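The values are calculated or read from the model by the stated rules, or taken from the named source; none is laboratory data. Because the structure is predicted, anything quoted here is derived from the model rather than measured. Using ideal geometry, Cβ is built from the backbone for each residue, glycine included, and neighbour counts are taken over all protein chains shown. Note: areas computed on protein heavy atoms with side chains; ligands, DNA, RNA excluded. Shrake-Rupley method; radii C 1.70, N 1.55, O 1.52, S 1.80 Å.
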Amino acid sequence: MSLSKIKHIVLVLSGKGGVGKSSVTTQLALSLSLAGHSVGVLDVDLTGPSIPRMFGIEDAKVTQAPGGWLPITVHDADQTTGIGSLRVMSLGFLLPRRGDAVVWRGPKKTAMVRQFLSDVFWDELDFLLIDTPPGTSDEHISLAETLLQKARQDQLAGAVVVTTPQAVATADVRKELNFCTKTGIKVIGVIENMSGFICPNCSECTNIFMSGGGEVMANDFGVRFLGRVPIDPQFLVLIETGETPRYPEGTEVNGQDISTPAQEPDADGTVKKTALLVYKYQDCSLASIFKSMTAEVISAAQQTSSG
Amino acid sequence: MAPSLEELEAVQDVLANPLKQKPQLVAPEPEHCPGPESEQAGVADSCAGCPNQKICAAAPKGPDPDIPVITARLAGVRHKILILSGKGGVGKSTFTCLLAHAFATNPDTTVGVMDTDICGPSIPKMLGVESETIHVSSAGWSPAWAMDNLAVMSIQFMLPNRDDAIIWRGPKKNGLIKQFLKDVEWGDLDFLLVDTPPGTSDEHLSVNTFLKESGIDGAVMVTTPQEVSLLDVRKEIDFCRKAGIRILGLVENMSAFVCPKCKHASEIFRATTGGGRALAQETGIHFLGSVPLDPRIGMACDYGESFFDSFPDSPACAALKGVVRELAVQVGLDGKDIMLE
């Protein structure tokens with residue numbers, strides 16, 4: 001059984017598409033790894049897998065071992081810097097060409113989700129994050145069914161639910177919270193993503209997709225509100241080009257000046273593109289926000305496993 | 001050796017198999033099931049030993065008897081346009097509503113909007129008809145009317161509580177989409193806009209199968225500029241090509257954000273690979289235009305108002321009008337006829 005050596009399983013859910021499930025999953029994974037935990041990421045978005053792109057490993061292919069698949073290693077554990085290992089599995093790694101459509105009806109998706117949960121050799125993991133497609137359909141039902149059947153109660157930490165602030169998004173995410181209630185999946189908390197954008201020119205904050213909707217929803221449902229994540233185009237740049245985030249002088253997040261990067265640039269002043277994503281992420285303004293949210297996820301998971 | 005998906009070739013098979021009444025199975029479908037509705041049902045290699053084999057083999061084969069019914073029901077619909085995107089949250093529903101409002105500004109044009117996003121319906125909220133319910137008469141189900149000339153159908157109208165989750169597997173979703181086409185009294189429409197969920201799965205296959213005979217004008221692709229989104233849209237384009245759906249064009253949404261204070265334009269979803277325009281060029285699709293990220297569009301959607309009426313002078317409105325005109329030309333209409341200036 002491939003899940004047996006995993007300590008905590010965390011689902012990342014949202015009824016709405018494009019709210020940042022995959023980027024939240026990515027950042028939770030990086031933050032957990034920075035905190036020294038070994039992490040696995042399973043992408044069950046079969047028709048639109050984004051995780052390979054997020055970690056910059058689109059060209060990777062899965063290797064077959066007797067009786068299962070080996071996940072892709074993003075980086076191994078490093079004792080000198082104290083980071084935990086990070087491994088990833090996605091349908092994207094199984095496609096011959098990246099632009100290929102995966103046109104599958106429900107039963108086939110169900111079979112694939114089951115296979116992902118039973119046939120991937122994760123080895124020992126502190127955390128398995130499962131990134132999901134939007135909705136409450138085949139993938140979600142199969143995931144809930146299989147996990148409730150095969151995973152131990154103490155393994156299943158619960159779900160992190162992602163939303164954006166506007167009413168159109170929370171309307172769908174409310175359905176997802178009801179889905180969690182009906183299927184008996186515990187909700188660890190709600191993250192409000194894309195909450196505000198700070199103009200890099202004049203530092204004026206605009207709430208492009210409004211603000212506060214996620215918190216109101218969390219209160220309505222009596223679940224924990226993990227926090228707001230602003231839009232940071234530098235994070236996207238980091239993902240898409242591998243450039244270390246840079247901020248204008250005097251940029252502060254939670255009272256800390258982040259305009260001087262922790263990562264030393266190369267001698268010629270260019271930013272190291274070769275450094276591991278996990279180290280470069282430390283320079284992103286979102287890293288400190290995710291650090292505190294990750295701590296909450298960790299404590300929720302530990303509570304579950306200790307009963 | 002790296003395993004890859006040998007099943008990918010089966011796309012043609014999935015597309016070629018019209019949806020039919022699923023036979024009553026005695027056990028869940030096995031992993032390599034060709035699909036109980038397919039021509040191969042009960043006779044494929046993988047059917048050997050399956051408890052359903054006899055049932056599947058005995059199920060009626062041939063075209064779906066409901067398709068002619070759908071075709072008859074939609075005989076009065078002049079143009080059918082799908083709004084697609086592989087990616088979620090790029091603005092499919094927003095664009096569908098904007099398009100509907102744009103077409104409906106002409107009082108002589110009647111527009112219908114069908115929301116096939118079963119698990120996350122957004123259209124009713126955006127068009128301000130969230131609390132409507134469906135009325136059933138002898139002629140069929142009556143759609144909700146957002147305006148005198150704008151009809152809407154969505155699963156949201158059927159929910160007892162607004163926040164109820166619709167926890168359905170594929171076949172059930174297909175059944176409802178069929179009913180939306182077969183049982184809804186659409187009447188004479190100039191446009192039927194079909195909003196879809198993200199992905200390339202049941203809903204998309206069903207809409208294509210059910211509408212094939214009555215004719216789809218084509219699909220509009222919606223994307224945002226960043227590669228993470230373009231990647232999924234590429235898959236959707238691949239799907240359309242394989243399914244034989246004409247692509248009318250591609251719209252890039254949320255292109256740039258202009259700070260309301262200093263007018264500085266930021267590329268929030270930066271187009272590191274050239275954005276929608278480059279993708280359109282690469283895949284040989286007509287580029288309909290880019291729409292800037294304007295927070296007021298989202299606000300208009302939250303309140304169910306028409307963005308065109310509320311902010312007629314905004315740059316986003318001008319860009320949208322351009323996109324609508326381009327699209328109208330693509331479906332063979334004179335751009336000036338449909339928009340009131």
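Applying both filters, DSSP loop and at most 14 other Cβ atoms within 10 Å, to the trypsin sites (Lys or Arg not before Pro) of segment A:149-178 gives A:ARG152. 3J(HN,Hα) along segment A:126-135: 7, 9, 10, 9, 10, 8, 10, x, x, x Hz, from the Karplus curve 6.51 cos²θ - 1.76 cosθ + 1.60 with θ = phi - 60°, whole Hz, x for Gly and Pro.
Computed over the Cα atoms of the protein assembly as shown, pair by distinct pair, the Kirkwood hydrodynamic radius stands at 25.3 angstrom. For chain B, the share of alpha carbon pairs falling in successive 20 Å distance bins from zero is 29, 56, 14, 0 percent. Less than 5 angstrom separates the built amide H of B:THR272 from those of B:GLU227, all sequence-distant by 5 or more or on a different chain.
Taken about its Cα centre, chain A carries a charge dipole of roughly 1120 debye when the Cβ of each Lys and Arg holds +1 and the Cβ of each Asp and Glu holds -1. Here the 3J(HN,Hα) profile of segment B:72-85, calculated from phi with Karplus coefficients 6.51, -1.76 and 1.60 at θ = phi - 60°, is 5, 4, 9, 4, x, 9, 7, 10, 10, 10, 9, 10, 10, 6 Hz, Gly and Pro shown as x. By the helix-only formula, in which each DSSP H run with n ≥ 4 contributes -39500 (n - 2.57) and the sum is divided by residues, chain A has a 222 nm mean residue ellipticity of -10500 deg cm²/dmol. Considering all different alpha carbon pairs of segment B:184-328, the Kirkwood hydrodynamic radius works out to 16.7 Å.
Partner shielding of A:164-171 amounts to 6, given as the average count of beta-carbon atoms from other chains within 10 Å of each residue beta-carbon.
Measuring only protein heavy atoms, the 1.4 Å probe finds B:MET299 accessible over about 70 Å². Solvent-accessible surface of segment A:104-166, averaged per residue with a 1.4 angstrom probe and all protein chains in place: 27 square angstrom. What you get for segment A:140-195, charging only the Cβ of Lys and Arg (+1) and of Asp and Glu (-1), is a dipole of about 160 debye around the Cα centre. This model, with +1 at the C-beta of Lys and Arg and -1 at the C-beta of Asp and Glu, gives the protein assembly as shown a dipole about its Cα centre of some 940 debye. Using a 10 angstrom Cβ neighbour count of at most 16 plus a DSSP loop assignment to flag exposed trypsin sites (Lys or Arg not before Pro), which longest range of chain B is free of such sites? Counting only loop sites that pass the neighbour cut-off, the longest clear stretch is B:62-161.
When Rg and Dmax are taken over the Cα atoms of segment A:1-155, they come to 14.6, 47 Å. Surface exposure of segment B:64-189, expressed per residue as accessible area with a 1.4 Å probe, stands at 33 Å². Residue by residue, segment B:323-328 carries 3J(HN,Hα) couplings of 5, 4, 4, 4, 5, 4 Hz when phi is fed to the Karplus relation 6.51 cos²θ - 1.76 cosθ + 1.60 (θ = phi - 60°); x denotes Gly or Pro.
Applying the criteria of a DSSP loop state and at most 16 other Cβ atoms within 10 Å to the GluC sites (Glu not before Pro) of segment A:71-159 yields A:GLU124.
Over every Cα atom in segment B:143-269, the radius of gyration and the widest Cα-Cα span, Dmax, amount to 17.8, 53 Å.
What FRET efficiency comes out for the pair B:GLU185/A:GLN79, r = Cβ-Cβ distance, R0 = 56 Å, nearest 0.05?
It comes to 0.20.
Using a cutoff of 8 angstrom between alpha carbon atoms and counting only pairs six or more residues apart, the relative contact order for chain A works out to 22 percent. Around B:VAL77, which amide H atoms from residues at least 5 apart in sequence, or from another chain, sit under 5 Å from its own amide H, with H modelled in the peptide plane? Excluding prolines and chain starts, which carry no amide H, the hits are B:LEU189. With R₀ fixed at 22 Å, the C-beta to C-beta distance from A:ASP59 to A:ASP123 puts the FRET efficiency at about 0.45.
Here the scattering of chain A is modelled by Debye summation over its C-alpha atoms, one equal scatterer each and no solvent; at q = 0.14 Å⁻¹ the log10 of I(q)/I(0) is -1.09.
For segment B:127-213, what does the alpha-carbon gyration tensor say about shape, rounded, prolate or oblate, given a ≥ b ≥ c as the root eigenvalues, a/c under 1.5 as rounded, and a/b over b/c as prolate? Verdict is oblate for segment B:127-213.
The share of accessible area on segment B:106-203 that comes from carbon and sulfur is 46 percent, using a 1.4 angstrom probe. Pairs from the list A:LYS7/B:LYS242; A:LYS16/B:LYS178; A:LYS150/B:LYS212 with a Cα-Cα gap above 32 Å: A:LYS7/B:LYS242; A:LYS150/B:LYS212.
Pairing chain B with chain A buries about 6100 Å² of accessible area. This figure sums both sides and uses a 1.4 Å probe.
Ordering B:LEU230, A:GLY307, A:ALA77 by the projection of their Cα atoms onto the charge dipole of the protein assembly as shown, which places +1 on the Cβ of Lys and Arg and -1 on the Cβ of Asp and Glu, puts A:GLY307 at the extreme positive end. Solvent-accessible surface of segment A:1-72, averaged per residue with a 1.4 angstrom probe and all protein chains in place: 26 square angstrom.
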